[in-house]
Structures are given as structure tokens and as C-alpha cells.
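Peer 1: The structure's right below; bear with me while I get my questions together.
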């Protein structure tokens, strides 16, 4: 059985913000992908993390977050120097933030 992280709350947030379901039906997508987990279904249906997701979404604009991945290290936004993720560069930024 395929288990996915609890991200479907975003769909509920979209419903709250737009007043309607997204263009695609979550249940239909779930079935097409072969996701049979009741945990996934419960998460979608119960909006378990809805308040958390709403707070995260509301914090995006003030922090100039326009997408993922956006990384903050000790409250400071980390800017990559290339379009590719560089693990050594990331490690160096984390080490620098420790000091």
C-alpha cells in the first residue's frame, strides 16, 4: 500500500480561498494513482492540517516565498548560487549559520 505525506490539506485551503473544489477531483486522482490508503483519504476528508496549511500560506507573501523549495536557515532566506541544488553549498550555509 502506498502511503503519502499529509499534503492534501492544500486542496482544502484552495476550497476555502476559491470557494470551490480544484479542477480535478482528489478522489479520482487518488484512485488513478492506486493510492488505497485510508489515512490519505481521511486526511483529505477531515482537513486535519488545514489550520497549519493556512498559516503557512499566509506567511508566504510577507516572507517573499513564491514557491518551493524556499529554505530559511535560522530565519535568513538561503539563496542558491546556481539553479541546481548543491549539497556542499547548502552544508556550508548551515555551518556558517551556526557561528
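Each value in this text was obtained by applying a stated rule to the coordinates, not by laboratory testing. Predicted model, so just to flag it, every value in this text is computed and none were measured. Here Cβ is always computed from backbone atoms with ideal geometry, including for glycine, and neighbour counts include all displayed protein chains.
Peer 1: At a 10 Å Cβ-Cβ cut-off, how would you order 73, 35, fewest neighbours first?
Peer 2: Ascending Cβ contact count within 10 Å gives the list 73, 35.
Peer 1: What's the FRET efficiency of residue 91 with residue 63 using the Cβ-Cβ distance as r and R₀ = 22 Å, to the nearest 0.05?
Peer 2: FRET efficiency, residue 91 to residue 63: 0.45.
Peer 1: Here's something else I'd like to know. With labels modelled as points extended 7 Å from the Cα through the Cβ direction, what inter-label distance (nm, one decimal) is found for residue 77 paired with residue 36?
Peer 2: Output for this residue pair reads 4.5 nm.
Peer 1: To continue, here is another question. Using the number of other C-beta atoms within 10 angstrom as an exposure proxy, rank 30, 80 with the fewest first.
Peer 2: 80, 30
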